[in-house]
Amino acid sequence: MICSAEVQHMCPVAKGAYHGPAPIPEEGKWVQAKEIRDISGLTHGIGWCAPQQGACKLTLNIKDGVIEEALVETIGCSGMTHSAAMASEILIGKTILEALNTDLVCDAINTAMRELFLQIVYGRSQTAFSEGGLPVGASLEDLGKGLRSQIGTMFATREKGPRYMEMAEGYVTRVALNKDSEIVGYEFVNLGKMMESVKKGMDANEALEKAKAHYGQFDNAAKYIDPRQE
């Protein structure tokens with residue numbers, strides 16, 4: 001190590017007590033994180049691209065500093081879905097430090113990785129106080145039985161009012177209105193359930209009907225509209 005002449009001529013002064021870094025909560029333990037392998041936890045985070053045309057929700061399950069599980073969900077940008085496919089291959093098996101310094105193809109995914117890194121190294125993970133953390137595969141539970149991201153898509157104009165396109169429950173097929181043309185409910189198709197039925201050999205139209213359900217005061221509505229055509 002090279003020192004300046006001023007430092008070389010200084011007299012040495014003994015360093016005081018060293019207590020190490022402040023402990024952070026990790027999977028039910030308090031850990032003094034000194035190295036990457038000291039970091040564990042499962043957490044979620046959101047990232048966005050520079051022009052803010054799309055966003056990524058990233059979920060990582062980290063054990064002993066290594067990414068064992070990654071769930072990459074994107075919205076708003078068609079190219080981002082392909083970036084997510086590549087990122088899912090890139091992330092697993094890397095340490096969180098490697099992943100932070102790796103090009104994850106898309107600005108939004110890179111930003112999400114940065115936000116997750118900050119959360120997890122400061123002990124702000126979702127599993128900070130869960131003893132032993134969560135098993136690898138836990139993030140799939142967020143997707144539900146159909147293994148599809150929860151998406152909400154609504155469109156509205158001042159002229160014609162709101163249109164529900166997609167809810168967490170599924171793809172909206174009809175919107176229910178009362179006598180004053182106010183929305184009081186909706187019918188939806190759980191696409192995950194529908195595709196499971198089709199894969200098992202059920203006729204597509206039958207599977208479609210079987211996967212339909214409704215929410216709100218749907219049965220007693222005065223009028224029903226197709227949100228994509230009316």
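The values are calculated or read from the model by the stated rules, or taken from the named source; none is laboratory data. Computed from a predicted structure; not experimentally measured. So basically every Cβ, Gly included, is an ideal-geometry build from the backbone, and we count neighbours across all protein chains shown.
Points to keep in mind about this one:
- Where helices (runs of 4 or more DSSP H) fall wholly inside the range 58-132, the ranges with 2 or more residues that are small (Gly, Ala, Ser) and under 14 Å from the mean Cα position of the chain (by Cα) are 78-91, 107-121.
This table checks each residue for (1) closer than 23 Å to Gln53 by Cα; (2) surrounded by fewer than 18 Cβ atoms within 10 Å (Cβ to Cβ); (3) of a type in the set (D, E, K, R).
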{"residue": "Gly76", "(1), (2), (3)": "yes, yes, no"}
{"residue": "Gly79", "(1), (2), (3)": "yes, yes, no"}
{"residue": "Ser88", "(1), (2), (3)": "yes, yes, no"}
{"residue": "Thr95", "(1), (2), (3)": "no, yes, no"}
{"residue": "Asp103", "(1), (2), (3)": "yes, yes, yes"}
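- Which numbered condition Pro12 misses (of (1) outside the structural domain of Thr102 (by TED's automatic domain parsing); (2) in contact with a helix residue (DSSP H, G or I) (Cβ under 9 Å, 6 or more places away or on another chain); (3) not hydrophobic (A, V, I, L, M, F, W, C)): (2)
- Among (1) part of a helix (DSSP H, G or I); (2) closer than 22 Å to Thr153 by Cβ - the single one Gln53 does not satisfy: (1)
- Within the range 95-140, restricting attention to residues that are out of contact with any Leu (no Cβ under 9 Å at 6 or more places or on another chain) and among the charged types (D, E, K, R), the residue that is nearest to Cys77 (Cα to Cα) is Asp107.
- Within the range 26-67, considering residues that are in contact with a Phe, Trp or Tyr (Cβ under 8 Å, 6 or more places away or on another chain) and crowded, with 21+ Cβ neighbours inside 10 Å, the one modelled with the lowest pLDDT: Gly54
- Matching residues, the range 1-28, being touching a residue at least 60 places away in the same chain (Cβ under 8 Å) and either outside any loop (DSSP other than H, G, I, E, B) or more than 26 Å from Gly123 (Cβ to Cβ) (or both): Ile24, Pro25, Glu26
- Among the residues of the range 163-182, not a single one is without any contact (Cβ under 8 Å) to a residue 24 or more places away in the chain, part of a strand (DSSP E or B) and over 30 Å from Leu71 (Cα atoms).
- Scan of the range 183-218 for residues that are in a loop (DSSP other than H, G, I, E, B), in contact with a strand residue (DSSP E or B) (Cβ under 8 Å, 6 or more places away or on another chain) and more than 17 Å from Gly146 (Cα to Cα), ordered by number: Gln217, Phe218
- Candidate set: the range 175-219, residues that are within 28 Å of the chain's Cα centre (by Cα) and basic (Lys, Arg); chosen: the one surrounded by the fewest Cβ atoms within 10 Å (Cβ to Cβ): Lys199
- Of all residues in the range 32-42, at least one satisfies being without any contact (Cβ under 8 Å) to a residue 24 or more places away in the chain and either outside any strand (DSSP E or B) or of a type in the set (S, T, N, Q) (or both).
- Enumeration of residues in the range 105-127 that are surrounded by 16 or more Cβ atoms within 10 Å (Cβ to Cβ) and without any contact (Cβ under 8 Å) to a residue 24 or more places away in the chain: Val105, Phe117
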